[in-house]
1. Out of all the residues in segment 79-102, which are without any contact (Cβ under 8 Å) to a residue 24 or more places away in the chain and either in a helix (DSSP H, G or I) or loosely packed, with under 12 Cβ neighbours inside 10 Å (or both)?
2. Inspect segment 38-49 for any residue being in a strand (DSSP E or B), at negative phi and among the aliphatic types (A, V, I, L, M) and give the result as yes or no.
3. Could you tell me how many of the residues in segment 166-177 are exposed (fewer than 15 other Cβ atoms within 10 Å of the Cβ) and either among the hydroxyl-bearing types (Ser, Thr, Tyr) or within 17 Å of the chain's Cα centre (by Cα) (or both)?
4. Please go through segment 69-78 and pick out each residue that is out of contact with any His (no Cβ under 9 Å at 6 or more places or on another chain) and part of a helix (DSSP H, G or I).
5. Kindly indicate whether ASP161 is within 25 Å of SER190 (Cβ to Cβ), open to solvent by 90 Å² or more (accessible area, probe 1.4 Å), free of Cβ contacts under 8 Å to residues at least 12 places away in the same chain and among the acidic types (Asp, Glu).
6. Please determine whether any residue of segment 132-146 is hydrophobic (A, V, I, L, M, F, W, C) and either in contact with a helix residue (DSSP H, G or I) (Cβ under 6 Å, 6 or more places away or on another chain) or closer than 16 Å to ALA61 by Cα (or both).
7. For residues in segment 103-144 being in contact with a His (Cβ under 8 Å, 6 or more places away or on another chain) and modelled with pLDDT under 90, which is surrounded by the fewest Cβ atoms within 10 Å (Cβ to Cβ)?
8. Out of curiosity, is SER181 open to solvent by less than 40 Å² (accessible area, probe 1.4 Å) and either assigned to a loop (DSSP other than H, G, I, E, B) or within 30 Å of ARG88 (Cβ to Cβ) (or both)?
Amino acid sequence: KNINFIEMDLLELTSLNQRFDLIECSGVLHHMNDPNKGLANLLDVLEPKGFIKLGLYSKYARKEILKARELIKKKDIKPNLDDIRSFRNDVLNGDINNLSKITNWSDFYSTSMCRDLCFHSHEKCYSLIEIKNILDEHNLEFLGFTLSKEIKDKYQKVNKDIQSLKDLSLWDKFEELHPNSFREMYQFWSRKSVK
């Protein structure tokens, strides 16, 4: 088959009257008002034996960011240049307690990246149990993560069975102990269940 790359609103995908063998959707669904609807639209155009790669943010990895967002909302700090700079200075000077770990994110040091990191208007983070439930709801089979060999090896020291690599409940327990395992985001492959 020919390979086609199409850029459009994913809520309008069915208007293409086309189906795809492979879909990659990374860093998109968690910014939607209704991520579940976005996923359903992607699955509507996925071939029955097609593969889908998803990228979603982790609650564990972004714990500090979520705390920062709560504080920003509570203090009504605006996403403008002056307020972002003031917020960063307050964190760096220790005037805002409990947020020092957010300085470990390189995005914190650029105004535009800090806006995206801490002031994003709509972003949902997930646990692996929530992702498991979403996949079950859509009758999707989890095939595995795209991750570093270091993380995979660390996981398999505890979970030696090769089938455990597809067990999101075990991965959730692992991530709770190693919250930076999916620091960038969960990147994983799935397909419509063939069971």
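1. ASP82, ASP83, SER86, ASN89, ASP90, VAL91, LEU92, ASN93, GLY94, ASP95, ASN97, SER100
2. Restricting attention to segment 38-49, the residues satisfying the condition of being in a strand (DSSP E or B) are 46-49.
After this cut, where a residue has to be at negative phi as well, the list is 46-49.
Imposing the further condition that a residue be among the aliphatic types (A, V, I, L, M) reduces the set to 46.
Yes, the conditions are met somewhere in segment 38-49.
3. The total comes to 2.
4. Across segment 69-78, the qualifying residues are GLU70, LEU71, ILE72, LYS73, LYS74.
5. Yes.
6. yes
7. HIS122
8. Working: open to solvent by less than 40 Å² (accessible area, probe 1.4 Å): yes; either assigned to a loop (DSSP other than H, G, I, E, B) or within 30 Å of ARG88 (Cβ to Cβ) (or both): yes.
Spelling it out, SER181 is indeed open to solvent by less than 40 Å² (accessible area, probe 1.4 Å) and either assigned to a loop (DSSP other than H, G, I, E, B) or within 30 Å of ARG88 (Cβ to Cβ) (or both).
The values are calculated or read from the model by the stated rules, or taken from the named source; none is laboratory data. This is a predicted model, so every value here is computed, not measured. So basically every Cβ, Gly included, is an ideal-geometry build from the backbone, and we count neighbours across all protein chains shown. Heads up: the accessible areas ignore ligands, DNA and RNA and are worked out on the full protein's heavy atoms, side chains in. Shrake-Rupley method; radii C 1.70, N 1.55, O 1.52, S 1.80 Å.
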